[in-house]
Amino acid sequence: MAKLFKNMFATSESTALTLGEELAQKGVSRRQILKFSSYVAALMALPASYSTAIAESLSKAKRQSVIWLSFQECTGCTESITRSFSPSLEDLIFDFISLDYSEALMNVSGEAAEAARKQAMEENKGKYVVVVEGSIPLDKDGIYSASGGHTNLDVLKEVAKDAMAIISMGTCASFGGIPAAFPNPTGAVGVHEIIKDKPIINVPGCPPIPEVMTGTIAFLLSLGKIPELDHLGRPKAFYGDNIHDRCYRRPFYERGEFANSFDDEGARKGYCLFNLGCKGPVTYNACATIKWNGGVSFPIQSGHGCLGCSEPGFWDKGSFYSPLSTPTSGLGKAALGAAAVGTAGAVVASLVQRKRREDILKAAAVPKPAETKMGADDE
Amino acid sequence: MSDLLDFARGPALQVSVMIFIFGVLYRLISLFLTPKNFIASPARENVKGAFGAGVGEIMRRMVPDKEYLRKEMFAFLNGWAFHIGLAITVFGLAGHIMFFKKILGFGWWNLPSNFVMLAGVITLFSLVASLAHRLTDPVLHKLSTLDDYLSGGLTVLPVATGLLATMHLGLRYETLIAIHILSVCIFLIYFPFGKLMHAFLVFVTRAKTGVEMARKGVKL
Amino acid sequence: MENNNPTPKPKDANKAVEKFLVSSASQLAPYLEACIHCGQCAHACHFYEVTQDPKYTPAYKLFPMIKAYRRSKNPLNWLGMIPTLEEDEIAEWQDLVFNGCTMCGRCTNVCPMGIDVAQIVGATRQALTAAGYYPEDLMAAAENVVQHGSPLKVSTSVLEDRLEWIADESETDIPLDKKGAEVMFTISSIELMKYPDSVGAMAKMLNAAGVNWTISTKGYESTNFGYLAGRPDIAKLGTSRLVNAAEELGVKELIIPECGHAYSVLRWNGANIMGRPLGFKVYHITEYLAKLKREGKLKFKSIETAFTYHDPCQISRRGGAADDARYLLEGFAPNFVEMKVTGNQNWCCGGGGGVQAMNKYRDMRINVFKIKAKQVEETGTNTMISACANCRLTMDESIAELKWGGKLDSLVEILADNLIED
């Protein structure tokens, strides 16, 4: 990591060289470029032939300028991306991108940092990529979050203006995330609510899987285009599959074998976590396939249900531990209210009915039987 | 599409469960509040108690007398098929049990999901068969009203959508389960106001007839 | 003769709706909510079985009352937003509830919901009658009750003449208005006029058992055509004549002769109609004879004849007295064979519920008898006995029409013929 921070910022002279030339200078072989390219191709489920194409375009490309903006966030996404294995962040920032601005990772601060951002924007006008981490508050003109005297809203608009593309990194930047959770005191929104005229890639997750973040960046810079996105603007390659469909515990679901608490027999046996509120069936992400920490594990594997963190509004969909098939709102009071109204209604209706009955009986009282002297002969 | 699921799990379920509880109580309580008939004719001597007679009759009518069974074999078998099938699917699936647990505060053991799915398929065919029977049989056709077709159709819907949801067939899971929950909501809303109420009334009428027959000493 | 409550005219559908509302009390309300239109009752109904016409499905006969009930309960109705029963609907059902139903209750046996169809048909008859929709011949019979004390115009003098003649014929005593009697015997005018032998037979057995009994000239007609015709006023008139006569005599027991609905009306509804408990017990003749036999007061020679027993619906299925008829046959008729479908599941004769009194359905009744004929033939006997004069009248008509080879007899007559007198 020491090396990482020392060499954080690429010098501006190097931008004159292509990636291939630069890497060759540093002793990075074409073979290594190919290796990296095949990672990307594999991650994005591209045909094998793509890796050569990626390598070709990578060699010819200039190092991509990236501006990383931090808004209303917890830096969890940055924490996560620093733990990417392949391609690692080091792979990216040392060899392929020029991370020109990142409040969390850059050495400098204050005016110097802002100057670096301005410089990068100037030099790579129309070509730089913006990564946004965190949501943007809109209430009260966005004064809830600011840096260097500028609100997030202003900074985003300014930086986005000449960007090639924007990557909304994490659920906050994608959909507003936890800052936007009810009652959303700052009026937080995702990037796409503000920026309408630039290509935006949503990479949600709280945080997103490191490889998904690096993979998306790598795709963008190596192929120079936006990957195929789903209806929520997420790369299909990573968000195309339902976690439930890819979950190794799925057979237990089919068999109806469930953990009903976190320390029962079912939990120990690794049964399905549906009853503990797992949102796997409605969550689209690569957790069950790419997994975390270099493929070691993922939440369900560690015994906790999926929270659905890559889905919009996951924070506001009832308890994380309430199963998908249950109502999100409490029914107790509603049920009691309905019961009371039903009972009262029935009593009133019955009284009305009784009254009508009595009225009819009164009006057309069945007269007392005629006490006739019966037995008269037929004439 | 996730918004649809939120709507289904949130306000839709809440409102429909409220209407269901309101309607069922309204109907049952107003039924129990109907003016009582004056009954002074003495019961036959040595007849069994009303409670036993009522419960006995509820059980006895589970299977018709063999004299009628011969002619009603289809209705009998098919009726049992979808009633048991519905019971298995509604009360046997883990997801459903979670629903009841949330509302009632307690749950019970679930059945294997694949087994429930099989029961669901049988139920679906059985329900469709009963609707087809209703459309083709002259007696049933004569008796049938909109209520019959609505009740049948609204029972088919949750079964069909539930099967699609468990099979993850056609649409995305969250859309399927949202549609499934919404179809249950419609079912719950209609339930108290049509013949679906027979699920409750069957105990009332059978027991009533059982008590009346016991009073007269009629042994069926 | 004065009639306080003339038969309603002209037709007024609204009266039916009101009547439905009044009669849908706890006894009927659950049934009116419960029908699931499963149609299983169709095959239990003899009228459906012989015609295969879906309109005879018992559940279909409930429609007007269910409709009126639902509408009366529907909150929208209180705002006058729900239309009421139409005249043509009522007219359509007049035929079904009067002619097309004998109120035999067989459909209730198969009903998965246990709906008592017969009771609802009874209430529907009342409502339709109140609205002016009724069969003229049944109503005429009911009105004879007011005018002449009996649907067959058996007035007191006719009664006295007939009984005197019967007593002579059967060589037994028939006490009339006997003070101090403990048991009051009633007669059905069908027996008195068409089957006098059975009246004699019953008298003979009561005398042989040493019963202190009598017939009252103030209340003797056990049939209740007011009930059958949907005239609660006449039904109450008939019932109160019997009750008043019995209570005036101070008897402890009252016997209904071989008549189905007479038993079910007085035994199971008499006190309800009167609005107070009765001061005496009500027995059907088969129950009473069984009681005498149990007490050892009656003994019979056993007979070789093979026969089968036709359960009258109102005595067995709706009366609960099926076992007593069997008890009487025990030891007496070793060759007695049950029909395959018997007891409380028995097929109706086709003329109950006043249908016998309506000419329009003569052909239908004859067709219905074919079910019975087949049932008897399957037993391998050619004789059936019954304990209801109305069943006999209905089936005798068909036997003659079809020239059926079998025979129909009365239970009490066969018993009396083989009575061991000391």
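Table: residues versus (1) within 23 Å of residue C:284 (Cα to Cα); (2) acidic (Asp, Glu); (3) within 13 Å of chain A (Cβ to nearest Cβ).
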{"position": "C:143", "(1), (2), (3)": "no, yes, yes"}
{"position": "C:149", "(1), (2), (3)": "yes, no, yes"}
{"position": "C:161", "(1), (2), (3)": "no, yes, yes"}
{"position": "C:171", "(1), (2), (3)": "no, yes, no"}
{"position": "C:181", "(1), (2), (3)": "yes, no, no"}
{"position": "C:186", "(1), (2), (3)": "yes, no, no"}
{"position": "C:190", "(1), (2), (3)": "yes, no, no"}
{"position": "C:194", "(1), (2), (3)": "yes, no, no"}
**Study point:** Residue count for the stretch A:149-162, restricted to those that are under 25 Å from residue A:64 (Cα atoms) and either in contact (Cβ under 8 Å) with a residue 60 or more places away in the chain or surrounded by fewer than 20 Cβ atoms within 10 Å (Cβ to Cβ) (or both)
**Key:** 9
Review point. Of A:321, A:271, which residue is surrounded by fewer than 22 Cβ atoms within 10 Å (Cβ to Cβ), within 30 Å of residue A:211 (Cα to Cα) and either among the hydroxyl-bearing types (Ser, Thr, Tyr) or modelled with pLDDT of 95 or more (or both)?
Key: A:321
Check your understanding: Within the stretch A:292-309, which residues are touching a residue at least 12 places away in the same chain (Cβ under 8 Å) and either surrounded by fewer than 19 Cβ atoms within 10 Å (Cβ to Cβ) or over 9 Å from residue A:243 (Cβ atoms) (or both)?
Key -> A:292, A:293, A:294, A:295, A:299, A:301, A:303, A:304, A:305, A:307, A:309
Review point. Do you know which of the residues in the stretch C:38-67 that are crowded, with 23+ Cβ neighbours inside 10 Å and either of a type in the set (Asp, Glu) or not in a helix (DSSP H, G or I) (or both) is nearest to the chain's Cα centre (by Cα)?
Key: C:45
Exercise for review: Could you please give the count of residues in the stretch A:222-234 that are on the phi < 0 side of the Ramachandran plot and surrounded by fewer than 24 Cβ atoms within 10 Å (Cβ to Cβ)?
Suggested key: 9
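Per-residue answers, yes or no, for (1) surrounded by fewer than 17 Cβ atoms within 10 Å (Cβ to Cβ); (2) part of a helix (DSSP H, G or I); (3) in contact with a helix residue (DSSP H, G or I) (Cβ under 7 Å, 6 or more places away or on another chain):
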| site | (1), (2), (3) |
| --- | --- |
| C:138 | no, yes, yes |
| C:145 | no, yes, yes |
| C:166 | no, yes, yes |
| C:173 | yes, no, yes |
| C:179 | yes, no, no |
Exercise for review: Among the residues of the stretch C:376-394, count how many are over 26 Å from residue C:196 (Cα atoms) and buried (at least 19 other Cβ atoms within 10 Å of the Cβ).
Suggested key: 1
Review point. Can you name the condition, by its number, that residue A:262 falls short on among (1) more than 14 Å from chain B (Cβ to nearest Cβ); (2) farther than 30 Å from residue B:108 by Cα; (3) assigned to a loop (DSSP other than H, G, I, E, B); (4) in contact (Cβ under 8 Å) with a residue 40 or more places away in the chain?
Key: (2)
Practice item. Go through (1) away from chain A (no Cβ under 14 Å); (2) over 21 Å from the mean Cα position of the chain (by Cα); (3) charged (D, E, K, R) and name the single condition residue B:72 misses. Key: (2)
Point to revise | Positions within the stretch A:316-335 being in a helix (DSSP H, G or I) and more than 9 Å from chain B (Cβ to nearest Cβ), in sequence order | key: A:333
Revision key, fill the gap. Only one of A:212, A:159, A:131 is in a helix (DSSP H, G or I) and under 21 Å from residue A:118 (Cα atoms), namely A:159
Review point. Using beta carbons and a limit of 7 Å, which pairs, at least six apart or on different chains, have the first residue in the stretch C:343-356 and farther than 19 Å from residue C:320 by Cβ and away from chain B (no Cβ under 14 Å) and the second one at pLDDT 90 or above and assigned to a loop (DSSP other than H, G, I, E, B)?
Key: C:350/C:102; C:351/C:102; C:354/C:229; C:355/C:102
Study note, to complete from the structure: Reported set for the stretch C:252-281 where residues are under 23 Å from residue C:413 (Cα atoms) and in a strand (DSSP E or B) is C:253, C:254, C:255, C:256
Review point. From the set of residues in the stretch C:254-285 that are more than 13 Å from chain B (Cβ to nearest Cβ) and not hydrophobic (A, V, I, L, M, F, W, C), which is nearest to the chain's Cα centre (by Cα)?
Key: C:261
Point to revise | Residues (surrounded by 15 or more Cβ atoms within 10 Å (Cβ to Cβ) and part of a helix (DSSP H, G or I)) located in the stretch B:25-54 | key: B:25, B:26, B:27, B:28, B:29, B:30, B:31, B:50, B:53, B:54
Review point. Counting only residues that are surrounded by 17 or more Cβ atoms within 10 Å (Cβ to Cβ) and modelled with pLDDT under 65, how many does the stretch A:329-369 have?
Key: 1
Check your understanding: Residues in the stretch C:56-69: is at least one at pLDDT below 80 and of a type in the set (S, T, N, Q)?
Key -> no
Exercise for review: Would you check if residue B:139 is out of contact with any strand residue (DSSP E or B) (no Cβ under 7 Å at 6 or more places or on another chain), over 21 Å from residue B:15 (Cβ atoms) and buried (at least 21 other Cβ atoms within 10 Å of the Cβ)?
Suggested key: yes
Point to revise | Test: residue in the stretch C:286-293 that is over 24 Å from residue B:216 (Cβ atoms) and hydrophobic (A, V, I, L, M, F, W, C) | key: no
**Study point:** Checklist (1) within 22 Å of residue A:224 (Cα to Cα); (2) exposed (fewer than 13 other Cβ atoms within 10 Å of the Cβ); (3) of a type in the set (Val, Ile, Thr) applied to residue A:143, failing item
**Key:** (1)
Review point. Which one of these is β-branched (Val, Ile, Thr) and more than 14 Å from chain C (Cβ to nearest Cβ): B:63, B:55, B:47, B:90?
Key: B:90
Review point. Looking at (1) at pLDDT 95 or above; (2) not in a strand (DSSP E or B), which is the one condition that is false for residue C:190?
Key: (1)
Revision key, fill the gap. Only unsatisfied item for residue A:166, checking (1) without any contact (Cβ under 8 Å) to a residue 40 or more places away in the chain; (2) on the phi < 0 side of the Ramachandran plot; (3) outside any strand (DSSP E or B), is (3)
Check your understanding: From the list B:190, B:149, B:173, which residue is of a type outside the set (Gly, Ala, Ser) and touching a Ser or Thr at 6+ places or on another chain (Cβ under 8 Å)?
Key -> B:190
Study note, to complete from the structure: Within the stretch B:55-82, of all residues that are surrounded by 14 or more Cβ atoms within 10 Å (Cβ to Cβ) and free of Cβ contacts under 8 Å to residues at least 40 places away in the same chain, the one farthest from residue B:153 (Cα to Cα) is B:67
**Study point:** Among (1) polar (S, T, N, Q); (2) surrounded by fewer than 22 Cβ atoms within 10 Å (Cβ to Cβ); (3) over 30 Å from residue C:55 (Cβ atoms), the one test that residue B:123 misses
**Key:** (2)
Study note, to complete from the structure: Checked pairs for the stretch A:313-326, first under 18 Å from residue B:110 (Cα atoms), second in a loop (DSSP other than H, G, I, E, B), C-beta under 6 Å and 6 or more apart or across chains, list as A:322/A:277; A:323/A:277
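The values are calculated or read from the model by the stated rules, or taken from the named source; none is laboratory data. Quantities reported herein were computed from a predicted structural model and do not represent experimental measurements. All Cβ positions, glycine included, derive from the backbone under ideal geometry; neighbour counts span all protein chains shown.
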